[in-house]
Amino acid sequence: MARHKIGLIGAGQIGGNLALLIAQKQLGDVVLYDIPAFEDAAKGKALDLSQLTAVDGTPSRITGTSNFAELAGADVLIITAGLPRKPGMSREDLLAKNLEIITNVAQNVKQHCPNAFCIVVSNPLDAMVYALYKIAGLKKQQVVGMAGVLDSARFRMFVAEALDVSIEDVHALVLGGHGDDMVPLTRQCSVGGVPLTSLIPGDQLDAIVNRTRKGGGEIVALLKTGSAFYAPAASAVSMAESYLLDQKRVVPCAALLEGEYGLNNIFMGVPARIGAGGVEKVYELELTPPEQAMWAKSVDSVRKTVEATKL
Ligand SMILES: NC(=O)c1ccc[n+]([C@@H]2O[C@H](COP(=O)([O-])OP(=O)(O)OC[C@H]3O[C@@H](n4cnc5c(N)ncnc54)[C@H](O)[C@@H]3O)[C@@H](O)[C@H]2O)c1
């Protein structure tokens, strides 16, 4: 079987780390794409990473380009093209500029890679994944947004720290849009099978939920020059891996809803199975009235941002 080809659209902070992780996990060859003004940066990162493969002993070929045609035949595209937040900005503040960028990306995807499985990372996530789906004319199974894996990872980290337990044994689920009103489902969380609600008092759990909701902003405020990139890259790679290796992992991600949760024509963070068929199945959860209220607020925010795209 030929090696997989993975196209990374955007060779910035997340793009570079995606390439590194893909090479180290030996998932396939990587093409790092950026606009002509950043072609040298894409080529420079590709060269640096190619030299790392000698030390790591991984077979991936890594190249940089500003010619989208070189992405033709890609099995997976991970899209990070777009501006990141600066301190004080909300993800929604990025909408106008990043919509322009995603429109350009989507037209290129339609022309050169109409069959690739597309994982969108650019913010505001839920609107950008919708824009790519609409403009590129993709099938719903073929396009997904990365947010829930990262938001759940943040929640797991805060819980592991609070309880002094291995992060591996903390199971968490964060649903909804990738905004400050995302929906961490504390009722579904457990530590080695023990319900989290029996381990952490309510006010401490509320503080963890709050910190998770603002987890991206906390890092933006510390970095000052952009947003998080290591954990976002690892989260997107885990989704690409599940597709390429048909792992059928069930992870929270932004999937197109067609009737599930009583919604239509909207990407929302829900548990979904990712395998060789792309987004193979969306799982529905029964929500309690307070969870339903949080979910409705999140849906409302996502709808407003998507409406602003006028797509
Ligand atoms: N979904 C999430 O959970 C999550 C988490 C962190 C960051 N993000 C988002 O991911 C995006 C990328 O973040 P980053 O830190 O890598 O930013 P970055 O600025 O380091 O990289 C973005 C790259 O996109 C490139 N770009 C611009 N227009 C392009 C186009 N038309 N085609 C291809 N590339 C283009 C830029 O030249 C730049 O190199 C941001 O929008 C950020 O908000 C999302």
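The values are calculated or read from the model by the stated rules, or taken from the named source; none is laboratory data. Given the structure is predicted, the values throughout are model-derived calculations rather than measurements. Heads up, the Cβs are rebuilt from the backbone with ideal geometry, glycines too, and the neighbour counts pull from every protein chain shown. Accessible surface is based on the protein model in full, side chains and every heavy atom, while ligands, DNA and RNA are left aside. Shrake-Rupley method; radii C 1.70, N 1.55, O 1.52, S 1.80 Å.
Across bins of 10 angstrom width beginning at 0, how are the C-alpha pair distances of the chain distributed, in whole percent?
6, 28, 36, 22, 7, 0
For segment 26-72 and segment 219-291, write down the distance between their C-alpha centroids in whole Å.
When both Cα centres are located, 26 Å separates them.
To make sure I understand the rule: partners must be lysines, Cα under 18 Å from the Cα of K86, and not fewer than 8 residues away in the same chain. Which ones qualify?
Answer for K86, where 18 Å is the Cα cut-off: K97, K214, K224, listed by chain and number.
Taking 45 Å as R0, compute the FRET efficiency from the Cβ-Cβ separation of I35 and K248 and round it to 0.05.
0.80
At a threshold of 8 angstrom on Cα-Cα distance, excluding pairs fewer than six apart, so keeping six or more, what relative contact order does segment 1-117 reach in percent?
29 percent
Based only on Cα atoms, what Rg/Rh ratio does segment 72-141 have, Rh being taken as Kirkwood's radius?
Rounded to two decimals, Rg over Rh is 0.99.
If the reach is capped at under 23 angstrom between alpha carbons, list the lysines near K248, excluding any in the same chain fewer than eight residues apart.
Partners within reach: K5, K25, K139, K140, K281.
For helix 13-24, what angle does its Cα long axis make with the longest principal axis of the chain, in degrees from 0 to 90 and rounded to 10?
Roughly 80 degrees, rounded to the nearest 10.
Per residue, how much accessible area does segment 157-213 show when a 1.4 Å probe rolls over the protein heavy atoms, in square angstrom?
That works out to 47 Å² per residue.
For segment 221-265, with every protein chain kept in place, what is the accessible area per residue (1.4 Å probe, Å²)?
Result: 45 Å² per residue.
If I build a Gaussian network model for the chain, linking alpha-carbon pairs within less than 10 angstrom, which residue out of D40, D181, D151 has the largest mean-square fluctuation?
The residue that fluctuates most here is D40.
Using the Cα centre as the reference, give the magnitude of the dipole from point charges on the C-beta atoms of the chain (Lys, Arg: +1; Asp, Glu: -1; all else neutral), rounded to the nearest 20 debye.
In debye, rounded to 20, the chain gives about 540.
Please report the carbon-and-sulfur percent of the accessible area for the chain; probe 1.4 Å, protein heavy atoms only, DNA, RNA and ligands left out.
Here carbon and sulfur together make up 53 percent of the probe-accessible area.
Could you go through segment 153-167 in sequence order and give the Karplus-derived ³J(HN,Hα) for each residue, using 6.51 cos²θ - 1.76 cosθ + 1.60 with θ = phi - 60°, rounded to whole Hz, and x for Gly and Pro?
Listing the rounded values in order: 5, 5, 4, 4, 5, 5, 5, 4, 5, 5, 9, 6, 10, 5, 4 Hz.
Residues with amide H under 5 Å of K281's amide H, sequence separation 5 or more or different chain, H placed in the peptide plane at 1.01 Å from N; which?
Amide H neighbours of K281, under 5 Å, 5+ apart: R273.
Would you grab the residues whose amide H sits under 5 Å from the one on V120? Only those 5+ places off in sequence or on another chain, please, with H modelled 1.01 Å from N.
Result for V120 returns I79, V144, G145, M146.
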